[in-house]
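Visitor: Below is the structure I would like to discuss, written out as structure tokens.
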Amino acid sequence: MNIVAIIPARLGSKEIKNKNLKKFKGKSLVKRSIEEAIKSKKFSKVIVTSDSKKILNEASTFDKKKIYRILRPKSLARDNSSIYEVMVHAIKEYEKSAKNKIDIVVLLQPVTPFRTYKHINKVINYHKKIKSDAVITITKFDYPVYWGLKKKNNNQISNFIKNGNKFTRRQDAPQIFKPAGLVYSIKKKFLLKIFKTGKILPLGDTRGIEVSIKDAINLDSKLQYKIAKAIY
């Protein structure tokens, strides 16, 4: 079975400048992602796709037999660019020169600094065992979503979920999960299928592997970056 990792790392970002090059534990986020992917020993190739030569140079220090670098077009590095579009582009570019066609694609986004090869291997091993369409990491909400609110222009509020306020205690509310972002393992054929729908996972037979709220910290803001560094 041919399994590849895709590490998407564009240069631009909304709140944190050059986010994927930010240092965590002494190394850039993209370099940490590459290292953990290599440590997992599950991949025939680790594909790094970026619009930045500076970011791609981060991958040049690793064994060239293990890394495949793609300089992707600026049109695939915008704020509104779909991650699935980026993955499909990376697959097509890689398979032009690959000896074996890809079976499973594993997405490793650099902005989850607490992800390790152990998370990667747990997801892949489970995916190979159950043979589902996809397996992703999930984590608990730290607040009952049933208490979520929506607000009108006049500041009047109401329950986002109908009758959500019937749960008067946190313990009584059903446990709800959200994508954690650490690892997405997807069959290539299924990825191509969902890409055409314009929707996102979960679709088809998608399974979830739970990770802790701490491990699921995603560096989308300066505050999250400070929290992650404080925890470390």
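So that you can scan it fast, the table gives a plain yes or no per residue for (1) among the β-branched types (Val, Ile, Thr); (2) over 15 Å from the mean Cα position of the chain (by Cα); (3) under 23 Å from Val111 (Cα atoms):
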site: Thr137; (1), (2), (3): yes, no, yes
site: Asp142; (1), (2), (3): no, yes, yes
site: Leu149; (1), (2), (3): no, yes, no
site: Gly208; (1), (2), (3): no, no, yes
site: Lys226; (1), (2), (3): no, yes, yes
site: Ala230; (1), (2), (3): no, yes, yes
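Visitor: Would you be able to say whether some residue in region 104-126 is in a loop (DSSP other than H, G, I, E, B) and farther than 23 Å from Arg32 by Cβ? Steps first, answer last, please.
Guide: Taking region 104-126 and keeping what is in a loop (DSSP other than H, G, I, E, B), we get 108-116.
Still in the running and farther than 23 Å from Arg32 by Cβ: none.
The answer is no; no qualifying residue exists.
Visitor: Here's a check for you: in region 31-52, which residue that is in contact with a Leu (Cβ under 7 Å, 6 or more places away or on another chain) and not acidic (Asp, Glu) is farthest from Leu108 (Cα to Cα)? Let's see the steps before the verdict.
Guide: Going through region 31-52, the residues in contact with a Leu (Cβ under 7 Å, 6 or more places away or on another chain) turn out to be 33, 37, 48, 50-52.
Now narrow it down to the ones that are not acidic (Asp, Glu): 33, 37, 48, 50, 52.
On the way: Ser33: 7, Ala37: 8, Val48: 10, Ser50: 13, Ser52: 18 Å.
The residue in question is Ser52.
Visitor: If you don't mind, there's one more thing I want to ask. Mind counting the residues in region 127-155 that are over 30 Å from Lys187 (Cα atoms) and open to solvent by less than 100 Å² (accessible area, probe 1.4 Å)? Steps first, answer last, please.
Guide: Of all residues in region 127-155, those over 30 Å from Lys187 (Cα atoms) come to 142-155.
Those still in the list that are open to solvent by less than 100 Å² (accessible area, probe 1.4 Å) too: 144-148.
Qualifying residue count for the region: 5.
Visitor: Scan region 201-222 and tell me whether some residue there is hydrophobic (A, V, I, L, M, F, W, C), over 26 Å from Asn121 (Cβ atoms) and not in a loop (DSSP other than H, G, I, E, B). Before you say what the answer is, go through the steps one by one.
Guide: Keep residues of region 201-222 that are hydrophobic (A, V, I, L, M, F, W, C), which gives 201, 203, 209, 211, 213, 216-217, 219.
Narrowing the set further to residues that are over 26 Å from Asn121 (Cβ atoms) leaves none.
For region 201-222, residues hydrophobic (A, V, I, L, M, F, W, C), over 26 Å from Asn121 (Cβ atoms) and not in a loop (DSSP other than H, G, I, E, B): absent.
Visitor: Report, ordered by the first and then the second residue, all pairs with beta carbons closer than 7 Å, sequence separation of six or more or different chains, a first member in region 205-230 that is within 13 Å of Lys178 (Cβ to Cβ) and without any contact (Cβ under 8 Å) to a residue 40 or more places away in the chain, and a second member that is surrounded by 13 or more Cβ atoms within 10 Å (Cβ to Cβ) and of a type in the set (D, E, K, R).
Guide: none
Visitor: Hey, can you tell me all the residues within region 1-45 that are free of Cβ contacts under 8 Å to residues at least 12 places away in the same chain, open to solvent by 50 Å² or more (accessible area, probe 1.4 Å) and among the polar types (S, T, N, Q)?
Guide: Hit for region 1-45 is Asn18, nothing else.
Visitor: Sticking with this structure for a sec: Consider region 163-175. How many of its residues are under 31 Å from the mean Cα position of the chain (by Cα) and either surrounded by 13 or more Cβ atoms within 10 Å (Cβ to Cβ) or charged (D, E, K, R) (or both)? Before the answer, list the steps.
Guide: Here is the first cut: in region 163-175, the ones under 31 Å from the mean Cα position of the chain (by Cα) are 164, 170-175.
Pick out the ones that are also either surrounded by 13 or more Cβ atoms within 10 Å (Cβ to Cβ) or charged (D, E, K, R) (or both) and you get 164, 170, 172-173.
Of the residues in region 163-175, 4 are under 31 Å from the mean Cα position of the chain (by Cα) and either surrounded by 13 or more Cβ atoms within 10 Å (Cβ to Cβ) or charged (D, E, K, R) (or both).
Visitor: Here's another thing I want to ask about it. When you look at Lys178, is it part of a loop (DSSP other than H, G, I, E, B) and basic (Lys, Arg), yes or no?
Guide: Answer is no for this residue.
The values are calculated or read from the model by the stated rules, or taken from the named source; none is laboratory data. Note that the structure is predicted; figures quoted are calculated from it, not measured. When we count neighbours, we look across all protein chains shown, and the Cβ atoms used for this are built from the backbone with ideal geometry, even at glycine. With ligands, DNA and RNA removed, areas are computed over all heavy atoms of the protein, side chains included. Shrake-Rupley method; radii C 1.70, N 1.55, O 1.52, S 1.80 Å.
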